[in-house]
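Colleague: Below is the structure I would like to discuss, written out as structure tokens.
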Amino acid sequence: MPELVIKPAQAQEADIIAALVNRAYRGESSRAGWTTEADLLDGKRTTPKEVLSLLARDDIQILTGWVASQLRVTLCAEWHAAQQTVHLGMIAVEPTAQNRGYGKTVILAAEQWAVEHWQVRASQMAVVSLRQALIAFYQRLGYQPTGEVRPFPYQPEMWQAKVENMQLITLQKPLGLS
């Protein structure tokens, strides 16, 4: 199997990054993988414009993972300097390429990048509380619930919830210097 190559995203990749994220999270195409939100949400997860705005920020690093010339995985790392943490989000693996270790690889690469470049002490992520299989996956990588729970964001111009009272839980993992 060809190797996954992780590298920083480029502005000219915004369209394909947004397309991958949307395929991985929402709609019928996402059902080809195990991490779908298709039963929870309709609509889009992101847009090329949002990806471009994230790429323009100094406190964001979007990583991409490629097999040959095919984008297979992406992740957005956001630095929270005051808390010495990195927030990982928009973690997306091509649905037909899941269960190959690509998600784990990009998460570990982002953690290492954040320690080396931002000297973070912890990594955090927010996960829909109903996604128990995904939470279990992150727990196998060392993430644990912090007890922080907040309502799922309301953005009807982007997505529409299919279930009531969705919440986000925060997971955290210690990194770097203690």
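The values are calculated or read from the model by the stated rules, or taken from the named source; none is laboratory data. Computed from a predicted model, the values in this text were never measured in an experiment. Virtual Cβ from ideal backbone geometry, glycine too; neighbours counted across all protein chains shown. Ligands, DNA and RNA are excluded from the accessible area calculation, which covers all protein heavy atoms including side chains. Shrake-Rupley method; radii C 1.70, N 1.55, O 1.52, S 1.80 Å.
Colleague: List the GluC sites (Glu not before Pro) within segment 121-178 that DSSP assigns to loop and that have no more than 15 neighbouring Cβ atoms inside 10 Å.
Modeller: Of the GluC sites (Glu not before Pro), the ones in loops of segment 121-178 whose Cβ has at most 15 other Cβ atoms within 10 Å are 157, 164.
Colleague: Using 0.36 nm per residue of separation minus the Cα-Cα distance, give me the extension gain between residue 141 and residue 32 in nm, one decimal.
Modeller: 36.9 nm
Colleague: From Cα coordinates alone, what are the radius of gyration and Dmax values for segment 31-178 in angstrom?
Modeller: In order Rg, Dmax, the Cα atoms of segment 31-178 give 15.2, 42 Å.
Colleague: Are there trypsin sites (Lys or Arg not before Pro) in segment 41-118 that DSSP puts in a loop and that have at most 12 other Cβ atoms within 10 Å, and which ones? List each step's numbers first, then the result.
Modeller: Details: sites: 44, 45, 49, 57, 72, 100, 104; in loops: 44, 45, 57, 100.
Sites meeting the loop and neighbour criteria: 57.
Colleague: Got a sec to turn the phi values of segment 85-93 into Karplus ³J(HN,Hα) couplings, 6.51 cos²θ - 1.76 cosθ + 1.60 with θ = phi - 60°, whole Hz, x for Gly and Pro?
Modeller: Along segment 85-93, the couplings run 10, 10, 9, 9, x, 6, 7, 9, 10 Hz.
Colleague: May I ask you to list the residues of segment 94-109 whose amide nitrogen lies under 19 Å from a point 7 Å from Cα along the Cα→beta-carbon direction of residue 16?
Modeller: Of the residues in segment 94-109, 94-98, 102-103, 106 have backbone N under 19 Å from the label point off residue 16.
Colleague: What are the ³J(HN,Hα) values, in whole Hz, obtained from phi via the Karplus relation 6.51 cos²θ - 1.76 cosθ + 1.60 with θ = phi - 60°, for each residue of segment 48-63 in sequence order, with x given for Gly and Pro?
Modeller: x, 4, 5, 4, 4, 5, 5, 4, 7, 8, 6, 9, 10, 10, 9, 9
Colleague: Compute from the Cα atoms of segment 1-86 the Rg and the Dmax, the latter being the longest Cα-Cα distance, and quote both in angstrom.
Modeller: Cα only, segment 1-86: 13.9, 41 Å (Rg, Dmax).
Colleague: For the cross-link pairs 44/162; 44/173; 7/49, which exceed 24 Å when the distance is taken from alpha carbon to alpha carbon?
Modeller: Values: 44/162 13 Å; 44/173 28 Å; 7/49 20 Å.
In this structure, 44/173 lie more than 24 Å apart at Cα.
Colleague: Let me ask something additional. How much of the accessible area of segment 28-178, probe 1.4 Å, is carbon plus sulfur, in whole percent?
Modeller: On segment 28-178, the fraction of accessible area on carbon and sulfur atoms equals 51 percent.
Colleague: With θ set to phi - 60°, apply the Karplus curve 6.51 cos²θ - 1.76 cosθ + 1.60 along segment 145-159 and write out the HN-Hα couplings as whole Hz, x wherever there is a Gly or Pro.
Modeller: x, 8, x, 6, 10, 9, x, 5, x, 9, 9, x, 6, 10, 9
Colleague: Accessible area per residue for segment 135-178 in Å², computed with a 1.4 Å probe and the full protein assembly in place, what is it?
Modeller: Dividing the accessible area of segment 135-178 by its residue count gives 67 Å².
Colleague: Nearest 500 deg cm²/dmol is fine: what mean residue ellipticity at 222 nm does the chain get from its DSSP H runs of n ≥ 4 alone, each adding -39,500 (n - 2.57), divided by its residue count?
Modeller: The per-residue figure over the chain is -8000 deg cm²/dmol.
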